[in-house]
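Throughout, read-outs are computed from the coordinates displayed, never taken from laboratory work. Bear in mind that the values here come from a model prediction, so they are computed numbers and not experimental data. All Cβ positions, glycine included, derive from the backbone under ideal geometry; neighbour counts span all protein chains shown.
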There are 4 protein chains.
Amino acid sequence: MSASIRVTIWNEYRQDRDWPEILAVYPEGIHKVIGNALGAQEDIRVRYATLDDAEHGLTQAVLDDTDVLIWWGHIAHGEVSDHMVQRVCDRVTLEGMGVIFLHASHASKPFKKLCGTHSNRLKWREDGARERIWVIEPAHPIARGIPECIVLDQEEMYGEPFDIPAPDELVFLSWFKGGEVFRSGFVLRRGLGKCFYFRPGHESFPTYYNPHIQRVILNGVRYVNARDTLGEMPQVAFGHMETAPEP
Amino acid sequence: MSASIRVTIWNEYRQDRDWPEILAVYPEGIHKVIGNALGAQEDIRVRYATLDDAEHGLTQAVLDDTDVLIWWGHIAHGEVSDHMVQRVCDRVTLEGMGVIFLHASHASKPFKKLCGTHSNRLKWREDGARERIWVIEPAHPIARGIPECIVLDQEEMYGEPFDIPAPDELVFLSWFKGGEVFRSGFVLRRGLGKCFYFRPGHESFPTYYNPHIQRVILNGVRYVNARDTLGEMPQVAFGHMETAPEP
Amino acid sequence: MSASIRVTIWNEYRQDRDWPEILAVYPEGIHKVIGNALGAQEDIRVRYATLDDAEHGLTQAVLDDTDVLIWWGHIAHGEVSDHMVQRVCDRVTLEGMGVIFLHASHASKPFKKLCGTHSNRLKWREDGARERIWVIEPAHPIARGIPECIVLDQEEMYGEPFDIPAPDELVFLSWFKGGEVFRSGFVLRRGLGKCFYFRPGHESFPTYYNPHIQRVILNGVRYVNARDTLGEMPQVAFGHMETAPEP
Amino acid sequence: MSASIRVTIWNEYRQDRDWPEILAVYPEGIHKVIGNALGAQEDIRVRYATLDDAEHGLTQAVLDDTDVLIWWGHIAHGEVSDHMVQRVCDRVTLEGMGVIFLHASHASKPFKKLCGTHSNRLKWREDGARERIWVIEPAHPIARGIPECIVLDQEEMYGEPFDIPAPDELVFLSWFKGGEVFRSGFVLRRGLGKCFYFRPGHESFPTYYNPHIQRVILNGVRYVNARDTLGEMPQVAFGHMETAPEP
């Protein structure tokens with residue numbers, strides 16, 4: 001019944017392309033590490049796009065052929081054109097594309113737009129100390145196949161308060177050795193589409209090689225994908241209704 | 001990957017067994033009409049249980065072999081033993097069984113227990129006037145394959161305020177010709193399990209023969225079924241933790 | 001302990017200024033009718049602003065002196081400058097100003113921005129038929145002092161699905177004689193601020209003279225006002241944390 | 001406009017009465033320490049009730065005279081009669097009494113009943129290590145007048161997953177030195193009443209003498225108190241409606 005899930009992984013691709021110390025961690029780019037993990041699944045087909053591609057790699061044709069978009073951005077949020085942001089968000093809310101925002105993408109334009117809040121107010125510290133990511137909803141599909149706590153020995157810290165709307169589904173909470181906590185994984189439903197935010201993944205640490213982190217992203221892709229459902233969605237009429245259904 | 005969904009349909013089975021005018025509408029009982037519709041699906045296996053069976057038909061063995069329980073009750077809620085109610089609710093919250101409550105089951109003991117509210121405060125009128133059930137979340141899996149509005153020419157009216165907790169997912173709103181509205185379809189997440197309440201289905205009207213109503217119930221079964229997810233759920237330790245994970 | 005609530009009522013003020021048939025309904029403008037009702041309360045101080053004022057009447061000084069902003073717009077949403085929209089939304093999310101969006105303001109730029117959805121997808125019909133607004137949370141402060149159902153003999157119809165995020169607090173549902181339903185009153189929490197959307201108020205009907213509608217708006221003002229709370233809010237540090245709280 | 005808030009503090013009162021090492025911490029009982037703090041406020045009137053009083057001190061007359069009930073229980077949950085639990089929960093859901101559950105009251109009968117989940121599944125460890133309670137919604141009235149993080153040098157640990165329904169309002173998250181996190185403060189809306197759960201307060205530590213903890217409890221009392229609102233609540237008709245509002 002289900003065709004492949006068409007995943008597009010968008011990477012800002014600056015630090016992991018240009019900065020030697022980051023290149024050392026992700027020689028092929030962060031997007032490729034995530035894509036290699038996802039692409040090994042039979043039900044997933046991966047495509048890549050980066051900031052410096054024409055139209056940031058996200059032409060209307062590419063988006064139309066995308067069920068789930070994964071977004072990783074950090075130092076160049078401001079270079080993403082507002083036109084593209086509108087295109088991405090419309091594809092989510094009006095057409096039901098799923099989207100996964102990773103790590104510093106909390107401050108990306110499309111995430112902020114979908115949240116409706118500032119979203120870029122939080123605490124951070126690049127101390128490379130330990131993070132523990134606790135599952136708080138064990139029966140959530142995004143938690144399949146992982147332990148109750150994912151331990152990352154080195155990560156950047158993000159601390160509350162995090163300026164997001166109350167999540168529709170809160171799945172993960174992080175503990176940081178330095179003393180902070182964070183809502184690290186949650187789902188927002190926006191129009192026809194679902195957004196999953198997942199916190200870990202600072203560029204200077206090998207987080208995306210971690211098999212549990214890869215599994216969460218895989219679960220997220222399957223969870224926010226709505227291709228089958230959208231194919232059978234009720235036909236809805238919007239706008240001016242000339243006549244009332246009841247006489 | 002997915003085995004069949006093991007569905008148990010529980011029917012109070014009093015009015016449709018003993019009252020001639022109801023028997024005329026549902027000669028085999030309400031449970032059989034629902035079961036025949038669901039059982040036609042390859043991924044679903046149906047079993048029945050009724051109030052007057054031993055242990056109400058819900059022995060521990062039956063529940064252990066049930067992924068989704070459907071509940072229809074009306075005039076004999078008080079005859080359901082508290083012991084059985086606890087057993088059903090534990091199977092939902094502690095083991096992740098899905099459950100669908102239909103129509104007057106809003107006043108059933110297990111629904112009230114899972115809600116945490118009184119749940120039996122609402123308006124009603126058996127006038128057999130028209131109901132329109134509007135989809136408010138078109139991309140929700142429970143709305144697959146139905147029109148944006150299901151029209152039932154004859155139904156009992158239920159009116160707000162309905163004494164439930166704010167639903168985790170609100171999918172349907174009903175309009176009644178007499179002037180009332182109602183939250184007619186919603187999901188509550190409770191522990192490891194999901195509950196779906198769906199309003200229509202008064203015994204004196206042929207609602208469960210309606211193919212759209214049947215489709216909603218089918219969608220509901222697939223949505224609250226968590227068998228695959230539960231099979232890969234994180235192993236969680238509860239209770240006293242002798243040692244801290246961090247030194 | 002509480003000082004007056006500083007309310008600014010923003011009106012697009014085009015139809016009720018320039019269209020004779022609307023002028024006949026609201027000779028002083030919609031904002032004045034609402035303002036007269038609110039201003040009669042001892043705890044409220046009212047100020048007005050309109051689209052054609054300099055900076056739409058919403059200078060930084062005015063916003064800084066506003067606890068609650070009420071917004072009514074309809075045919076000129078596009079003329080509101082993006083700069084002003086950002087200023088309004090920042091005042092809500094970053095500084096806690098409350099905001100009430102009335103009727104067609106569901107399609108206004110600040111409402112859409114705070115929602116994170118398209119928000120302008122719904123059904124409508126200007127048939128002037130009856131609307132019934134049902135209270136679904138009787139103990140909500142926004143429902144104080146009104147009947148369980150407000151009946152408006154003539155209103156424009158809005159119908160579901162309405163493309164908004166799941167509300168944090170859903171208070172009112174509307175029934176329309178023509179057959180539709182609508183989520184007519186709800187609260188969204190966004191950053192430090194609260195937004196209340198309230199549906200009724202088409203310009204060609206005398207809705208804002210209705211004492212129950214006036215009471216709901218008054219209740220809304222008091223509910224989204226956070227002046228006292230903000231004055232004692234925890235001091236939060238955002239951004240880079242040089243040192244960890246735990247050694 | 002507002003009369004005093006009538007607060008009843010219910011304490012199991014066993015450990016702090018009978019165990020010398022607990023008596024040393026709370027010589028007058030936990031309830032008196034909380035009551036002394038609250039009673040110093042002009043808008044609050046305090047009364048006490050304990051498990052071993054007749055009807056657990058919660059006669060119908062006492063409940064009818066209570067706007068907010070505070071509950072502290074730990075080792076004797078099972079001794080609370082089901083009849084009294086029903087009485088308390090009905091007073092919350094049907095009559096709008098506010099209720100605050102402290103610490104181990106997560107496993108009390110009324111909390112479990114209002115949650116609709118098991119609520120007693122979590123991790124714990126009485127190691128007396130540091131807890132940090134972070135505010136995640138700084139503009140929430142329950143966070144007034146406290147720092148962004150309350151530090152308790154010695155507390156019992158509670159760890160996720162915590163088997164509660166998704167809170168309607170999540171206000172606090174705890175960090176524990178040993179490596180765990182916990183949803184430490186949240187509001188559930190149940191019928192006409194509001195419930196606030198607040199985690200800290202193990203009997204062997206002097207937590208309730210902490211002025212920030214006292215302030216949170218005071219804020220909680222004011223937040224879940226609905227006396228004024230209930231006095232002006234819409235009159236709602238429940239049950240059989242003989243005639244439809246629309247002809």
Within a 10 angstrom radius of the beta carbon, how do B:Phe205, C:Phe198, B:Phe111 rank from fewest other beta carbons to most?
B:Phe205, C:Phe198, B:Phe111
Whose Cβ in chain A comes nearest the axis that rotates A onto C, and by how many Å?
A:Gly116, 2
Sorting from shortest, the nanometre distances separating the label point of C:Leu23 (7 Å past Cα along the line to Cβ) from those of the same residue in the other copies are 7.1, 7.4, 8.5
Segment A:5-77 - Rg (one decimal) and Dmax (whole number), Cα, Å
12.4, 36
Between C:Glu55 and B:Gln60, with labels modelled 7 Å along Cα→Cβ, what's the label distance in nm to one decimal, could you check?
7.2
One decimal, nm, nearest first: from D:Pro206 to the same residue in each other copy, label points 7 Å out along Cα→Cβ, the values are 5.0, 6.8, 7.7
On each of the three principal axes the extent of the alpha-carbon atoms of segment C:129-176, given in whole Å and largest first, is 29, 27, 10
Checked against the positive end of the charge dipole of chain A (+1 on Cβ of Lys and Arg, -1 on Cβ of Asp and Glu, about the Cα centre), the farthest of A:Phe176, A:Ala37, A:Trp71 is A:Phe176
Tell me, what is a quarter of the convex hull surface for the C-alpha atoms of segment A:68-150, in nm² with one decimal?
7.1
The lysines whose Cα lies under 20 Å from the Cα of D:Lys123, excluding any fewer than 8 residues away in the same chain, are A:Lys177, D:Lys109, D:Lys112, D:Lys177
Kindly write out, for segment B:156-161 in residue order, the coupling ³J(HN,Hα) from the Karplus curve 6.51 cos²θ - 1.76 cosθ + 1.60 (θ = phi - 60°), rounded to whole Hz, with x marking Gly and Pro.
6, 8, 10, x, 6, x
Take chain B, connect every pair of alpha-carbon atoms lying under 10 Å apart with a spring to form a Gaussian network, then pick out the residue of B:Arg125, B:Arg183, B:Arg14 with the largest mean-square fluctuation.
B:Arg125
What number in nm² do you get for segment C:151-197 if you take the convex hull of its Cα atoms and divide its surface by four?
3.7
Please state the shape class of segment A:100-189: rounded when a/c is under 1.5, otherwise prolate if a/b exceeds b/c and oblate if not, all from the C-alpha gyration tensor.
oblate
Scoring segment A:158-247 by relative contact order with C-alpha pairs under 8 Å, at least six apart, yields a percentage of 17
Here the correct list, in nm and shortest first, of distances from C:His83 to the same site in the other copies, label points 7 Å along Cα→Cβ, is 2.3, 7.2, 7.6
Which residues qualify? For B:Arg121, with a placed amide H closer than 5 Å and at least 5 residues away or on another chain, they are B:Asp163
With +1 on each Lys and Arg Cβ and -1 on each Asp and Glu Cβ, how big is the dipole of segment C:1-83 about its Cα centre, in debye rounded to the nearest 20?
220
In whole Hz, the Karplus estimates of ³J(HN,Hα) for segment C:34-48 (6.51, -1.76, 1.60; θ = phi - 60°; x where Gly or Pro) are 5, x, 4, 5, 5, x, 6, 8, 5, 8, 10, 10, 9, 9, 10
Using only Cα atoms, find the angle between the long axis of helix D:211-224 and the longest principal axis of chain D, and express it within 0 to 90 degrees, rounded to the nearest 10.
10
Chain C - convex hull of alpha carbons, volume per residue in Å³:
146
Enumerate the calculated ³J(HN,Hα) couplings along segment A:68-83 in order (Karplus 6.51 cos²θ - 1.76 cosθ + 1.60, θ = phi - 60°), each rounded to whole Hz, writing x wherever the residue is Gly or Pro.
9, 10, 10, 10, 10, x, 8, 9, 10, 3, x, 7, 6, 6, 4, 4
Normalised convex hull volume, segment B:133-247, alpha-carbon set, Å³ per residue:
157
Could you give P(r) for the protein assembly as shown, binned at 10 Å from zero, as whole percent values over all Cα-Cα pairs?
2, 11, 21, 25, 23, 14, 4, 0, 0
For a paramagnetic label modelled at 7 Å from the Cα of C:Glu21 toward its Cβ, which residues of segment C:171-214 fall within the zone defined by backbone nitrogen distances under 13 Å?
C:203-205
For segment B:62-137, what relative contact order do you get, as a whole percent, if you take Cα pairs closer than 8 Å and at least 6 residues apart?
33
Say we join alpha carbon atoms closer than 10 Å with springs in a Gaussian network model of chain B; which of B:Thr117, B:Thr50, B:Thr93 then has the biggest fluctuation?
B:Thr117
So what does log10 I(q)/I(0) come out to for segment B:1-124 at q = 0.14 Å⁻¹, using the Debye formula with one equal point on every Cα and no solvent?
-0.60
Along the three principal axes, how long is segment A:179-247 when you take its alpha carbons, biggest first, rounded to the nearest angstrom?
64, 29, 17
